Amino acid sequence: MFWNKDKKDFSSKGLKIGPLQKFVMKKILEMDPRQREKMLMKFINSDYVNKNRGKIHDAVEKLNNKGIINQAQMNEIKKLLGIT
(Lines give C-alpha, C1' and ligand atoms only; values in the text may rest on other atoms or scores of the structure.)
Protein backbone atom coordinates (compact mmCIF):
# COMPACT_ATOMS: atom_id res chain seq x y z
CA MET A 1 0.00 0.00 0.00
CA PHE A 2 1.33 3.41 -0.91
CA TRP A 3 1.55 6.25 1.52
CA ASN A 4 -0.72 9.15 0.63
CA LYS A 5 0.24 12.30 2.52
CA ASP A 6 -2.93 14.09 1.38
CA LYS A 7 -5.27 11.38 2.68
CA LYS A 8 -7.59 12.64 5.40
CA ASP A 9 -7.66 10.19 8.30
CA PHE A 10 -10.61 10.83 10.60
CA SER A 11 -10.22 7.57 12.54
CA SER A 12 -7.21 9.01 14.39
CA LYS A 13 -9.55 11.64 15.85
CA GLY A 14 -11.82 8.96 17.28
CA LEU A 15 -14.48 9.29 14.61
CA LYS A 16 -15.97 6.04 13.37
CA ILE A 17 -17.51 7.07 10.06
CA GLY A 18 -18.33 5.20 6.89
CA PRO A 19 -17.01 5.79 3.38
CA LEU A 20 -19.83 8.15 2.38
CA GLN A 21 -19.35 10.28 5.48
CA LYS A 22 -15.57 10.34 4.86
CA PHE A 23 -16.19 11.53 1.30
CA VAL A 24 -18.55 14.28 2.45
CA MET A 25 -16.22 15.37 5.27
CA LYS A 26 -13.30 15.59 2.86
CA LYS A 27 -15.33 17.69 0.40
CA ILE A 28 -16.50 20.05 3.15
CA LEU A 29 -12.94 20.53 4.40
CA GLU A 30 -11.73 21.28 0.85
CA MET A 31 -14.46 23.89 0.26
CA ASP A 32 -13.83 27.62 0.12
CA PRO A 33 -14.47 28.97 3.65
CA ARG A 34 -17.17 31.39 2.44
CA GLN A 35 -18.95 28.64 0.53
CA ARG A 36 -18.71 26.32 3.56
CA GLU A 37 -20.17 29.01 5.83
CA LYS A 38 -23.03 29.62 3.38
CA MET A 39 -23.81 25.89 3.20
CA LEU A 40 -23.75 25.47 6.99
CA MET A 41 -26.00 28.50 7.51
CA LYS A 42 -28.57 26.81 5.27
CA PHE A 43 -28.87 24.02 7.83
CA ILE A 44 -29.01 26.34 10.81
CA ASN A 45 -32.02 28.35 9.59
CA SER A 46 -35.09 28.15 11.79
CA ASP A 47 -37.34 26.33 9.29
CA TYR A 48 -34.90 23.45 8.93
CA VAL A 49 -34.32 23.26 12.68
CA ASN A 50 -38.03 23.35 13.51
CA LYS A 51 -38.81 20.63 10.96
CA ASN A 52 -36.03 18.32 12.18
CA ARG A 53 -35.85 19.24 15.86
CA GLY A 54 -36.10 15.66 17.15
CA LYS A 55 -33.47 14.28 14.77
CA ILE A 56 -31.04 17.08 15.60
CA HIS A 57 -31.58 16.59 19.34
CA ASP A 58 -30.95 12.84 19.05
CA ALA A 59 -27.83 13.37 16.91
CA VAL A 60 -26.35 15.85 19.40
CA GLU A 61 -27.09 13.46 22.27
CA LYS A 62 -25.36 10.60 20.42
CA LEU A 63 -22.27 12.76 19.82
CA ASN A 64 -22.16 13.52 23.53
CA ASN A 65 -22.65 9.89 24.55
CA LYS A 66 -19.85 8.73 22.23
CA GLY A 67 -17.51 11.33 23.69
CA ILE A 68 -17.04 13.27 20.45
CA ILE A 69 -18.35 16.44 22.09
CA ASN A 70 -18.53 17.29 25.77
CA GLN A 71 -21.47 18.54 27.83
CA ALA A 72 -20.55 22.22 27.40
CA GLN A 73 -20.34 21.86 23.61
CA MET A 74 -23.67 20.04 23.55
CA ASN A 75 -25.32 22.82 25.56
CA GLU A 76 -23.80 25.45 23.25
CA ILE A 77 -25.17 23.67 20.15
CA LYS A 78 -28.62 23.37 21.70
CA LYS A 79 -28.54 27.04 22.72
CA LEU A 80 -27.45 28.12 19.23
CA LEU A 81 -30.20 26.12 17.53
CA GLY A 82 -32.86 26.85 20.15
CA ILE A 83 -33.32 23.19 21.08
CA THR A 84 -34.09 22.40 24.72
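The values are calculated or read from the model by the stated rules, or taken from the named source; none is laboratory data. Being a predicted model, the structure only gives us computed values, none of them experimental. For neighbour counting, all protein chains shown are included, and Cβ atoms are generated from backbone atoms with ideal geometry for every residue, glycine included.
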Report summary line: Pairs returned, first residue in segment 10-34 that is modelled with pLDDT of 85 or more, second residue that is outside any helix (DSSP H, G or I), beta-carbon separation under 8 angstrom, 6 or more apart or interchain, are 26/8; 29/8
Requested in this report: Among the residues of segment 53-69, write down those that are surrounded by 13 or more Cβ atoms within 10 Å (Cβ to Cβ) and of a type in the set (S, T, N, Q).
Outcome: 64
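Kindly provide the set of residues from segment 42-65 that are without any contact (Cβ under 8 Å) to a residue 12 or more places away in the chain and among the charged types (D, E, K, R), ordered by number. Full working, then the answer.
Going through segment 42-65, the residues without any contact (Cβ under 8 Å) to a residue 12 or more places away in the chain turn out to be 42-43, 45, 47-48, 50-52, 54-55, 58-59, 62-65.
Of everything in segment 42-65, those that are without any contact (Cβ under 8 Å) to a residue 12 or more places away in the chain and among the charged types (D, E, K, R) turn out to be 42, 47, 51, 55, 58, 62.
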Query - Lone unmet requirement of (1) surrounded by 13 or more Cβ atoms within 10 Å (Cβ to Cβ); (2) out of contact with any Gly (no Cβ under 7 Å at 6 or more places or on another chain); (3) closer than 22 Å to residue 28 by Cα for residue 42 - result: (1)
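Could you please find all residues in segment 39-77 being part of a helix (DSSP H, G or I) and among the aliphatic types (A, V, I, L, M)?
Listed by number, the residues that qualify are 39, 40, 41, 44, 49, 56, 59, 60, 63, 72, 74, 77.
Within segment 54-63, can one find any residue that is at pLDDT 85 or above, within 14 Å of the chain's Cα centre (by Cα) and acidic (Asp, Glu)?
Filtering segment 54-63 down to residues at pLDDT 85 or above leaves 54-63.
In the following step, the residues that additionally are within 14 Å of the chain's Cα centre (by Cα) were identified as 55-63.
Imposing the further condition that a residue be acidic (Asp, Glu) reduces the set to 58, 61.
Yes: segment 54-63 contains one or more residues that are at pLDDT 85 or above, within 14 Å of the chain's Cα centre (by Cα) and acidic (Asp, Glu).
Answer with yes or no whether residue 69 is under 18 Å from residue 17 (Cβ atoms) and of a type in the set (Val, Ile, Thr). Spell out the reasoning first.
Details: under 18 Å from residue 17 (Cβ atoms): yes; of a type in the set (Val, Ile, Thr): yes.
When the stated conditions are applied, residue 69 passes them.
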Query raised in the report: When both residues are 6+ apart or on different chains and their Cβ atoms are under 7 Å apart, which pairs have a first residue that lies in segment 70-84 and is surrounded by 13 or more Cβ atoms within 10 Å (Cβ to Cβ), and a second that is of a type in the set (S, T, N, Q)?
Result: 74/64; 78/84
